[in-house]
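The values are calculated or read from the model by the stated rules, or taken from the named source; none is laboratory data. No experiment lies behind these values; they were computed from the predicted model shown. Here Cβ is always computed from backbone atoms with ideal geometry, including for glycine, and neighbour counts include all displayed protein chains.
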Amino acid sequence: MPSATRQLPKSVAISRRRWGYVVWGVALGFVFIPEILAALPLTESQLPFPTISRMTGHLEYEHAEWEIFPTMMTVFVLYSLWRVPPATTSGGNTTDTGPQRTPGGRLTFHPSPEQASVFDDEVVRDVLFALRVVGVALAITLITLWSFHHWPNQYVTSPDGTRTKQANYHVAYFLYGSIGFFWLFLPSITGFVKGKDAEFPSLFRTVANLEAWIGRPRTRPASERIGKAIAWLVSFILVWGMVFLMMHLTLYPFPNITHILNHGG
């Protein structure tokens, strides 16, 4: 790193691996916490913005052509994981011109000699990255507040005088759209076109890193077996949640869609 670059104190420096936990933890929190709360009776109507699944269902209802995108994304993720496994094709390659992954785990056609383990363990002390993180969070917040200012909440009054808040889809479009742009699209397209990684690993590499950390070798064989079992269970729950979410987006309001299609059971 150039000597002119300002650096954070060593005590607060964070590796790329840990930045992945922070970045994806926040992103998944914005998605899964509202989804879990919405599953509770009478809770969804109290949320400040609709869930991403309800927003997608509304978009598909208004424009049927949008139903293509959730299935396309599901197939793309599964196909890319099968053809270009992150565990074996991330970095460390300078000759293969076919599809591979950057050291951070993103799809690209640009070979990189850097090993994935070196990328994960590299410490990020650049103040500019911390400022970019704060800047992105501030930009998403301002975009969301701007949309709320232009499209405030609407209420419907029933004959008995009860006021019910309508789902504010405009706020959801800007909130989830900006998260998808900054967290997914921008790092992915930069890695694909230029072979340049973001300062944090991809989502699936972060899940793999978390599993490896939980199941790390221990002094006692019994503790090591328990750790590996917990690691496998944690990664299974995370992947299951993401697959369930994709099904929820594609067939909203899955799994309740069976009650809609077959009222008699």
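Assorted remarks:
- Look at region 56-76: where a residue is within 17 Å of GLY177 (Cα to Cα) and a partner is modelled with pLDDT under 85 and of a type in the set (Phe, Trp, Tyr), sitting 6+ places away or on another chain with Cβ atoms under 6 Å, you get GLY57/TYR252; LEU59/TRP66; GLU60/TRP66.
- Sole residue being closer than 30 Å to HIS170 by Cβ, acidic (Asp, Glu) and either surrounded by 15 or more Cβ atoms within 10 Å (Cβ to Cβ) or more than 21 Å from the chain's Cα centre (by Cα) (or both), chosen from GLU65, GLU114: GLU65
- Just so you know, in region 124-155 the residues that are part of a strand (DSSP E or B) and surrounded by 15 or more Cβ atoms within 10 Å (Cβ to Cβ) include one that is farthest from the chain's Cα centre (by Cα), and it is ASP126.
- Residue in region 86-109 that is in a helix (DSSP H, G or I) and touching a Phe, Trp or Tyr at 6+ places or on another chain (Cβ under 7 Å) present: yes
- Residue satisfying all of: in region 1-48; outside any helix (DSSP H, G or I) and small (Gly, Ala, Ser); modelled with the highest pLDDT among these: SER15
- The number of residues in region 214-250 being more than 17 Å from VAL31 (Cα to Cα) and at pLDDT below 80 comes to 8.
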